[in-house]
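Engineer: One structure coming up, written as structure tokens, with questions to follow.
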Amino acid sequence: METHVMRDVAIVGSAVMPNAIYAQPDDDLLMRCVVNAARDAGVKKEEIRALISMTPRSHTTQQYQTQHVSSRLGLKVDMLCEFELSALGMCNALAHAANLIRTRDIPAVAIMGCSRESTVPTSEFFGSRTSRTSDASFIGPFGMTPMSWNALGAREMMADGEATEENFADVSVRLRRQAIDNPYAYFRKAVTREEVLASRMVSSPTRLLMVCPRTDGAGCVIVAREDIAKRAPDKAIVHVAQGMAHDGDNIIPERAGRSMWHIPAAGRAVVDAFERSGLEHGDIDVVEPWIPFAPLEVMVMRSMGFPGDYGTSMCVSPSGGPIARGYPLLATGFYNWHELVQQLRGTAGRRQKPDARFGMAVSETGNYNECVVDIFARFDGSTA
């Protein structure tokens, strides 16, 4: 099978902090991740010539973190930059790192991100940020949140006969079971379907145990040239392709006949990624989607064309995903990438999918109606 990879790009190092509640400031967590990722990659700090981060949240004490971290670590970089928009920001950062390597012959680029969700009450988070990122003049005043938008889609999916509340509960059961063997997960205890369905209703049909915990976390990946990847070919992970789409709606579908549970951007993004890579659904061994609410996983996987029994027939979120692993917003993608790196290296322990060759990270934003799909593969000796 012929694949068309993003030339000269491989993830050679990855590191994340366990999902937890931290007293340390963001920049301390970031520095630990950069150092550990560089050590994992076997690169010298002189080879890291660009540093990219996710734009810190407004409540973060240390702003312009790339400047601060590069100074404290003594990195002599040619470029510093930050990307906004959490899920999509990470994907844009990866594409930008690839472009820097191709056009400026930079040996290695470090991409980092941190979120300390514990520093902001949930009510404040939903009240300030969410109202400003949805429709500030229409939806915001009614107090709607991503959870309630998602719940509307889940109710419609149930009304259409496409899912049941038990199906949504089973997502949480599976994710909590898979997270037991993940040392970076916040929840490492199994739950039953009965426990999920008995938990407090948050936004019908979404119950408390179907919702992600807001945690603190940080991560870093080192992206490098082919010559660096060849130093440790068994550890390098090639970025095969990136697909992306936005369906033009924001939160509430405005076009007549548009479903609340079907996510067209997810379907278009995965088709884009497959067309760019020459792969198909059946080629993907591991999927790590960006899923903060259990019903959303069902919506996204179905919208991307995966089978209805994906939870038992496929390896989806072996890390436990945000629902069990934890949800530090600006760092979540690093945990998805870190799991795929471990799976494709064959070092995921009891979570390991045997002989995993291709992994997919799905960075979708639910009812924000945008999605990026990244496909990664084991290094075969060449990134071209």
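The values are calculated or read from the model by the stated rules, or taken from the named source; none is laboratory data. The structure presented is a predicted model; accordingly, all values stated were derived computationally and were not measured. Methodologically, a virtual Cβ is constructed for each residue, glycine included, from the backbone with ideal geometry; neighbour enumeration extends over all protein chains shown.
Engineer: Sort through P307, P354, P322, P318 and tell me the only one that's at negative phi and assigned to a helix (DSSP H, G or I).
Structural biologist: P322
Yes or no, residue by residue, for (1) acidic (D, E); (2) in contact with a Leu (Cβ under 6 Å, 6 or more places away or on another chain); (3) surrounded by 23 or more Cβ atoms within 10 Å (Cβ to Cβ); (4) at pLDDT below 95:
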position	(1), (2), (3), (4)
H4	no, no, no, yes
R32	no, no, no, no
R49	no, no, no, no
S53	no, no, yes, yes
S71	no, no, no, yes
K76	no, no, no, yes
L80	no, yes, no, yes
F83	no, no, no, yes
L88	no, no, no, yes
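Engineer: Could you pull out the residue among Y310, Y327 that is within 14 Å of R174 (Cβ to Cβ) and not aliphatic (A, V, I, L, M)?
Structural biologist: The unique qualifying residue is Y310.
Engineer: Return the only residue of F125, F187 being of a type outside the set (G, A, S) and modelled with pLDDT under 95.
Structural biologist: Unique residue meeting the criteria: F125.
Engineer: In the set A38, A23, which member is of a type outside the set (D, E, K, R) and touching a residue at least 12 places away in the same chain (Cβ under 8 Å)?
Structural biologist: A38
Engineer: Still on this model: Using beta carbons and a limit of 8 Å, which pairs, at least six apart or on different chains, have the first residue in the stretch 306-323 and among the aromatic types (F, W, Y) and the second one part of a loop (DSSP other than H, G, I, E, B) and surrounded by fewer than 24 Cβ atoms within 10 Å (Cβ to Cβ)?
Structural biologist: Pairs that qualify, where the first residue is among the aromatic types (F, W, Y) and the partner is part of a loop (DSSP other than H, G, I, E, B) and surrounded by fewer than 24 Cβ atoms within 10 Å (Cβ to Cβ), are F306/M314.
Engineer: Check whether at least one residue in the stretch 351-371 is among the hydroxyl-bearing types (S, T, Y), within 15 Å of G333 (Cβ to Cβ) and surrounded by 23 or more Cβ atoms within 10 Å (Cβ to Cβ), and report yes or no.
Structural biologist: Within the stretch 351-371, one or more residues are among the hydroxyl-bearing types (S, T, Y), within 15 Å of G333 (Cβ to Cβ) and surrounded by 23 or more Cβ atoms within 10 Å (Cβ to Cβ).
Engineer: Same structure again: Being assigned to a helix (DSSP H, G or I) and either farther than 19 Å from D26 by Cβ or more than 12 Å from the chain's Cα centre (by Cα) (or both) is the filter here, so list the residues in the stretch 80-97 that pass it.
Structural biologist: L88, C91, N92, A93, L94, A95, H96, A97
Engineer: Kindly indicate which of A273, A229, A218, A241 is closer than 30 Å to R39 by Cβ, modelled with pLDDT of 95 or more and among the hydrophobic types (A, V, I, L, M, F, W, C).
Structural biologist: The unique qualifying residue is A218.
Engineer: Right, another one. State whether the residues of the stretch 64-79 include one that is under 19 Å from the mean Cα position of the chain (by Cα) and in a strand (DSSP E or B).
Structural biologist: For the stretch 64-79, residues under 19 Å from the mean Cα position of the chain (by Cα) and in a strand (DSSP E or B): absent.
Engineer: Let me ask something additional. I need a count of the residues in the stretch 144-184 that are modelled with pLDDT of 95 or more and touching a strand residue (DSSP E or B) at 6+ places or on another chain (Cβ under 6 Å).
Structural biologist: Count: 1.
Engineer: Every residue in the stretch 6-20 that is modelled with pLDDT of 95 or more and assigned to a loop (DSSP other than H, G, I, E, B), please.
Structural biologist: M17, P18, N19
Engineer: Within the stretch 160-192, track down each residue that is surrounded by fewer than 15 Cβ atoms within 10 Å (Cβ to Cβ) and either touching a residue at least 60 places away in the same chain (Cβ under 8 Å) or closer than 14 Å to C212 by Cβ (or both).
Structural biologist: The answer is D160, P183.
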